[in-house]
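A short worksheet on the structure shown next.
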Amino acid sequence: MSNRTIIGLVVLAIAAFLLTQTLYSVDPTKQVLVRQFGALVGTPKTESGLYAKIPLVQDIVRIDRRLLDYEAEEFEIIAGDQKRLVVDAYARFRIVDAHLFAERVPGGEPSLRGLLDSLINSEIRGVLSSVPLHAVLTEQRASLMDDITKRVNAKTKDLGVEVLDVRLKRADLPQANSQSVYNRMKTDREREAGQLRAEGDEENQRIRANADREVTVIKADAGLTAQTTMGEADGEATRIYAGAFGRDKDFYAFWRRMEAYKQAFGGGGTMIVSPDSDFFRYFNEPPGAIPSAKK
């Protein structure tokens, strides 16, 4: 190979190298900054296409312009009522000022995620440590997370970053606390159930006692009414009998004697009585002599 050929190849290689160092492309998902001797020059290139820079003097910094996600490692906090809570947070952010971001965060996106980790952790602790546990576990959580988002965003604006949302994926009690809370809840429910059963038994006894008392009163009233009615009936019967028998005293005497015969001879047995006894008067005297008994 001749020297001219070698020189030609060297020139082509240098030209290709200079061309690659001169031209650069901008992806639609990125924004590109040009840096000259370590200092940023110009404005960020956000339109996709092919651009040129000074080779060997200038270099480029590519920064993502999309909405990015951040997920924090779970950590433990102490709520305002001194209850321990394990939280797992995530955030969404966007780099809105590439020039400011490149100046303030030289390490780029990895360094930014480290900063977000400490900022979000700190703000979550600051906000949730001032409220009781139930506020984190109820609908009040949304307003708390909005407050945390505003606090984090206020600190990341100086980095050229906008934090759009900070949320909790999970908020649980530590395992030991969860078991303790479960046992306490179980004990409370058992005590409440025992109290309800005791109150139910007491109410049952009260209802039964009232029912028994009402039954006794009803029976007593019914017995009194029955006795009163029977007395009135007996009195009425006596009055009717007296009125009926008073019309004919001889017939009444005859009827009474027949009833006596019925009682005496109806059951059988032996009776020794004198035939002249007054008991057999109606057998010894003819019916026409009955009126003489009035004498």
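Kindly establish whether I54 is out of contact with any Leu (no Cβ under 9 Å at 6 or more places or on another chain) and farther than 17 Å from L128 by Cα. Outline the logic, then answer.
On the way: out of contact with any Leu (no Cβ under 9 Å at 6 or more places or on another chain): yes; farther than 17 Å from L128 by Cα: yes.
Yes, satisfied.
Which condition number does G160 fail, the rest of (1) open to solvent by 70 Å² or more (accessible area, probe 1.4 Å); (2) touching a residue at least 60 places away in the same chain (Cβ under 8 Å); (3) among the small types (G, A, S) being met?
For G160, the failing item is (1).
Taking E139 and the conditions (1) modelled with pLDDT of 90 or more; (2) among the acidic types (D, E); (3) open to solvent by 70 Å² or more (accessible area, probe 1.4 Å), which numbered condition does it fall short on, given that it satisfies the others?
(1)
Taking into account only those residues within region 63-81 that are more than 13 Å from L173 (Cβ to Cβ) and not charged (D, E, K, R), which is modelled with the lowest pLDDT?
In the first step, residues of region 63-81 are kept if they are more than 13 Å from L173 (Cβ to Cβ); the result is 63-73, 75, 80.
Then keep just the ones that are not charged (D, E, K, R); that gives 63, 67-68, 70, 72, 75, 80.
Working: I63: 90, L67: 92, L68: 93, Y70: 91, A72: 85, F75: 83, G80: 80.
My answer is G80.
Checking V127 against (1) of a type outside the set (S, T, N, Q); (2) more than 30 Å from T29 (Cα to Cα); (3) out of contact with any helix residue (DSSP H, G or I) (no Cβ under 6 Å at 6 or more places or on another chain), which test does it fail?
If we test V127 against (1) of a type outside the set (S, T, N, Q); (2) more than 30 Å from T29 (Cα to Cα); (3) out of contact with any helix residue (DSSP H, G or I) (no Cβ under 6 Å at 6 or more places or on another chain), just (3) comes out false.
In contact with a helix residue (DSSP H, G or I) (Cβ under 9 Å, 6 or more places away or on another chain), without any contact (Cβ under 8 Å) to a residue 40 or more places away in the chain and open to solvent by less than 60 Å² (accessible area, probe 1.4 Å): is that true of G246 in this structure?
On the way: in contact with a helix residue (DSSP H, G or I) (Cβ under 9 Å, 6 or more places away or on another chain): yes; without any contact (Cβ under 8 Å) to a residue 40 or more places away in the chain: yes; open to solvent by less than 60 Å² (accessible area, probe 1.4 Å): yes.
Judged against the criteria, G246 is a match.
Identify, please: which residue in region 165-217 is under 28 Å from S143 (Cβ atoms) and at pLDDT 90 or above and is, among those, most open to solvent (accessible area, probe 1.4 Å)?
In the first step, residues of region 165-217 are kept if they are under 28 Å from S143 (Cβ atoms); the result is 165-174, 177-178, 181, 185.
Adding the requirement that they be at pLDDT 90 or above leaves 165-167.
Values: D165: 38, V166: 0, R167: 65 Å².
Filtering first and then ranking leaves R167.
Assuming V10 fulfils every condition listed in (1) aliphatic (A, V, I, L, M); (2) more than 30 Å from R141 (Cβ to Cβ); (3) open to solvent by 60 Å² or more (accessible area, probe 1.4 Å); (4) touching a residue at least 60 places away in the same chain (Cβ under 8 Å) apart from one, which condition is it?
Unmet condition: (4).
Which ones in region 37-51 are surrounded by fewer than 11 Cβ atoms within 10 Å (Cβ to Cβ) and in contact with a strand residue (DSSP E or B) (Cβ under 7 Å, 6 or more places away or on another chain)?
Narrowing region 37-51 to residues surrounded by fewer than 11 Cβ atoms within 10 Å (Cβ to Cβ): 37-39, 47, 49-50.
Once the filter is applied, which keeps residues that are surrounded by fewer than 11 Cβ atoms within 10 Å (Cβ to Cβ) and in contact with a strand residue (DSSP E or B) (Cβ under 7 Å, 6 or more places away or on another chain), region 37-51 yields E47, G49, L50.
The values are calculated or read from the model by the stated rules, or taken from the named source; none is laboratory data. Bear in mind the structure is a predicted one, so any value in this text is a computation, not a measurement. Cβ sites come from the backbone with ideal geometry, for glycine too, and all protein chains shown count toward neighbours. Areas reflect the complete protein model, heavy atoms only, side chains present, ligands, DNA and RNA absent. Shrake-Rupley method; radii C 1.70, N 1.55, O 1.52, S 1.80 Å.
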